[in-house]
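A.B. asks: Let me begin by handing over the structure; questions about it come next.
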């Protein structure tokens, strides 16, 4: 008799857990790729990501969502009931250490879910990591909780970027693509010391040198002298030579 009572109690408890299991966020830390009602968690101070076991050990094996350079990311909130208990409206916090012990930084939710849906379903939310945050190994642990108190954690993968994680990637210096000049070559030959001269004409000193090259070509013919000659002819002057400038008619390369 006692065994039957215990069995009945366990069955009722299991059914109760299923009834209150209303929403989850996917892909969830330590959860299946296609979560079911039985996978729903309820974050707490003791278990901030739900009852999934050791948090840190699951970060490397869980499917992350990818953030863009600004820190924005998306995830799916899935509810198994309608009404406020099946709310898909969420708040979120991030732990940059990935340990699940310090969810101190709020996450800005820019596109939220329905807080009182008419039935079960899925909403795609968009959120953004705090500016300048840098997470361990670029894996940010984000705790997501619905207004009904259900939820779990997700792993958000940062791109890295400039400075402390989120932000534009710093452009690297490049040479003149038309002539193959590097920044150091331009400086050595009297051109613009900054890389990426937009018109290929160099600064005033470089322009004087280039003009002298053209004058020499116009009076003595196109006679390359020295290994540096081709480097001193800019893309602008080469275009004139190849484009039919009257001063160079009849002259070959």
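A.B. asks: Going by average Cβ neighbours within 10 Å, how do the peptides 51-59, 22-30 rank, with the highest at the top?
C.D. replies: 22-30, 51-59
A.B. asks: Semi-axes of the equivalent ellipsoid for the range 30-172, please: Cα gyration tensor eigenvalues, times 5, square-rooted, ordered largest first, whole Å.
C.D. replies: So the equivalent ellipsoid measures 26, 17, 12 Å along its semi-axes.
A.B. asks: Considering the range 33-95, what Rg and Dmax in Å follow from its alpha-carbon atoms?
C.D. replies: Taking only Cα atoms of the range 33-95, I get Rg and Dmax of 13.5, 36 Å.
A.B. asks: Additional query: Work out how much length residue 68 to residue 119 would gain on full extension: take 0.36 nm times their residue separation and subtract the Cα-Cα distance, in nm to one decimal.
C.D. replies: 15.2 nm
Every number in this text was worked out from the coordinates using simple rules, so none of it is lab data. Predicted model only: the values in this text are computed from it and were never measured. We place every Cβ from the backbone using ideal geometry, glycine too, and count neighbours over all the protein chains shown.
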